[in-house]
Every structure is written in C-alpha cells, then in structure tokens.
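Some notes on the structure that comes next.
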Amino acid sequence: MKNSKYSQGPVVLPMGAEEALRAVRDPLLKRDVVSLGYVRGLTASGSRVRFTLRLPSPASPHGDALAAQCREALLALDDVDEVDIETAWEVPRLPALESQTTPAALAQVKQIVAVASGKGGVGKSTVAVNLAFACARAGARVGILDVDVYGPSVPAMLGLRDHSLAGGQQGVLEPVEAHGLKVMSMGFLTTSETPLVWRGPIVSQLVQQFLGTVAWGELDYLFVDLPPGTGDIQLTLTQAVPLSGAIIVTTPQEVAYTIAEKGLRMFQQVKVPILGIVENMAYYHCPECGHNDPIFREGGGTAASQKLDIPLLARIPLNSSIAAAMDAGEPIAEGEIGDAFAALAGEVMARSSATALGEALNPAAPQELAVVAGGAVQVKWRDGVEQIIPAHTLRSECPCAGCVDEFSGEKLLQPGQIPADITVASSASVGRYAVRLDFSDGHNSGIFEFARLRTIGDAAADAAAFEV
C-alpha cells in the first residue's frame, strides 16, 4: 500500500483527486466530468476512492471509456490504491422545454427528437420504430408520435392496426402502450378505407393539437416520426416545441442524399441540432457466403456526413427479417439488426442529452424572458447578464419581410411609423432558437432569433449608458 499523508476519515479525499478527474472530458461536450456533474458522491476511505459516475443517458457509447479514464486518473495519484466506480444515468431535460409556452402535455417530457427524411421510401418509419424500441430496451422511458399524415405506418409496425383513438378526461388523448412504448399516431384517426385528405393548414393544426393534448406522462425521449420532405408539418413542429435534435434517414443513392440535404438545411435554418445521419438499406449481407452487396449503390450517407460535417450514426443493412418483423408488428430485438439499432440508440440518446446539457451550459441562451411593466421585454441570460429592451427598439428592429427587404436587407419600416407609446403585449417561444413578439400596434410576424435579440439588447444597454 502507498503511504498516505491523510487520516483514514471516510470523507477526506487524497490530494488532487478532484483535479485528476477534471482531466477526463466528455467527447461530445468537450468538458470535464466534474463540471458536467457526472461525478457524484466522491469519497475516500484510506487509499480507496469511491464515487458514482452519473451519465446523461443509458447505454452511453462513451460510458465505459469515461469510467476507465477516471479510474486511471485516480490510480495515478500517490495516495490511491483502489477505485470503486458505480455507473448510473439520468436524462437531463432540455432547458428550452421549461418555457411557459411549452404545452402542458409535455411538462414531464425531457427531450424530443425528430426522425425525418428528404423523400419517401427510405425506411424512415422503420428506423423510428426500431430506434424507439431499442431506447426503451436500454431502460429509457420512450414515446413515439407518428405525424406522417400521408402514410402513418407506425401502428402497423407496432401491432396496432385496429386501434382507434381514445379520449380521456377534458379532451386529453391517451396514448396506447405497446412493446414498452407510449404511442400516438395519425393512423389512429382513420382506416385504410377512409384516408386522410386534408390541406396543409388543417394538418398543422392537428399536429399542434397532438402536441398539446396527448397525456404522455413521464418520458425521457419522445420520438416524432415526420412525413418525408420539408413542409408545413416540419415547420409547425420546429416552431411549436423545442427539439433536442433531429435524425435524417437516407439511403446510399446519390439522389436520396441530394434530397436529404434539403431536409438537413431546413433543420439547420431553424436551429435544430442534427444529431446525425442514418443510412438505411446500406447493403445486403448474404447469409450464405457472407458477402456484402451494395444493392442501392454506396457512399450516399458517408458523402452527406463528410460534406455537411454531421456524424454518420449507423449503416443499417437490407435484411428480409426487418420487413417480416414490421409486417408482424414486432420490433427487432435480437441478431445483427437488433444489435445495429441498439448501437444507434446509444448514439442518439447520448447526442440528444449532450444537446440538453450543452444548452444548459450555454451562456448566450436565455434563462428567462418576460414582458414587464411598460411593455418592455426583460431577458435574463445564462451568463448572468440581464437586459430590459424597450418595445420601440424591438419594433424598429423587427426582421420580418414586411419590415426589412428580404433581398437587399434595407429597412422598410421607418421610425416615424412606429407609435411612440408602443408596447409588447405578449411573447411566444419559437422552437429552441427564437421568440415571436406581439406588439400593441397589431404587428406579430417578426421572429427574433436569440443571438439577434442579445445583440439588440447589448446595443440598447450601450445607448442607455451613453444617454446617462
């Protein structure tokens, strides 16, 4: 045993123990495990150190490596002979979901992840269902919301073909439980003989209703299966609730990748983090000879990943067992495909939780935003800065197409057109990236991105200081 300079009290730590752990960094967040709150209950008894490594997601692909690095860092100290590490996990809630405008039905939902594709026929719903199932098998509380109004296939894939929508008390919709998942689908509203034929605005209203009235209860992850493409439903979702991220499903063909890129750009435009790309039907694995045949060509997912600097999370092979399982309403748990989705689930949960933690640690994100007396907007930022921005200043900086020429950037709104006594009547969050303000002159089409709002607030503070 190494000689200890310390008494044998149970809470006396060897010199440098915490500092040693600060050298261990989360590979996604690039921050040390101590400041991230992963290290809990750090104690010592003689030369033996114990603590719990509490990770932000189950089945973390980095958990074993982080534990090994922590053990190695502590054993390098002169006064440590033995290290006991217990691993645990707790999914953090995306801070933006704490907004007052978040539907009450989502009050106990910690993270929301969209599953999207640029075109149909790439197996998006298959990926969504098996991904959600794999997350639940890892221990997470998981729900899946199917808003693919043009082809809601989630019910069939989960053995719920004949299920109809059930209402609860006071208009609340109760999700059905299947295979350890809470499920709600557009497919519960109709049958194969009565297809949905609705215009975009009606569909958007229905999506908002689903988000606001489904009694999800406590969920770690809610996966949303979107229709293919970029349209009203995608925009409605990204503006109605904050997403912790999106997954883009594509296939190896160049045409699929090109179309998928449009979906990627749409999510980037509304500041939704892209957690990664899933290349489905990547190859056919011959069970007889073991040869991998790229039936649908190859390289599409890799090309998209490299071009857009977005991780390629998984390459799911083409396998007849997937089709058979989905037709039978049974997600896949075992074998090559089950292992592939289990690995994908670990990556997705880790990256989604990293988004939530990253936002909580982001000093430039608003912690509180409220309309105060006099109709001004008060913003408290996570770095401790507080700003009160006058309504007149905000109205003059409105970025909407009616106030700013979208081609030249020239201001169309003149200061003399703004009432001197204008106020902000109310505010509403737009996803996780902006706020919409409703002014007393009736104008409410301006969406202020948080980065822009911070700049406006800084300029207003400088102007006020100069006047003094």
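The numbers here are math on the coordinates, done by the rules we state, and not lab data. Everything numeric here is computed off the predicted structure, so don't read it as measured data. Quick reminder, even Gly has a Cβ in these numbers, built from the backbone with ideal geometry, and neighbours come from all protein chains shown.
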FRET efficiency for residue 334 and residue 190, Cβ-Cβ distance as r, R0 = 30 Å, nearest 0.05? 0.35
Size of the dipole of the chain about the Cα centre, Lys and Arg at +1 and Asp and Glu at -1 on the beta carbon, nothing else charged, in debye to 20? 320 debye
With bins 10 Å wide starting at 0, give me the P(r) of region 95-361 over every alpha carbon pair, in whole percents. 7, 32, 38, 19, 3, 0
Mind running the shape call on region 17-89? Use the C-alpha gyration tensor, a ≥ b ≥ c as the square roots of the eigenvalues: rounded below 1.5 for a/c, prolate if a/b tops b/c, oblate otherwise. prolate
Quick one: which of 307/380; 182/380; 30/271; 30/110; 110/380 span more than 28 angstrom between C-alpha atoms? 307/380; 182/380
Arranged by the count of other C-beta atoms within 10 angstrom, fewest first, what order do 403, 398, 135, 289 take? 289, 403, 398, 135
For residue 33, the net charge from surrounding residues (Cβ-Cβ under 9 Å; K, R +1; D, E -1) works out to +1
Relative packing of peptides 205-213, 351-359, 141-149 - highest average C-beta neighbours within 10 Å first: 141-149, 351-359, 205-213
Considering the options 153, 42, 56, tell which one lies farthest towards the positive end of the dipole of the chain, charges being +1 on Lys and Arg and -1 on Asp and Glu at the Cβ, about the Cα centre. 42
Plugging the Cβ-Cβ distance of residue 368 and residue 35 into 1/(1 + (r/R0)^6) at R0 = 22 Å yields, to the nearest 0.05, a FRET efficiency of 0.45
Estimated 222 nm signal from helices in the chain, with DSSP H stretches of n ≥ 4 weighted -39500 (n - 2.57), rounded to 500: -9500 deg cm²/dmol
Return the label of the correct value of Rg/Rh (Cα atoms, Kirkwood Rh), as calculated from the structure shown, out of [x] 1.06; [y] 1.02; [z] 0.99. [y]
Bridge orientation stat for the chain from DSSP, antiparallel percent rounded to 5, came to 45 percent
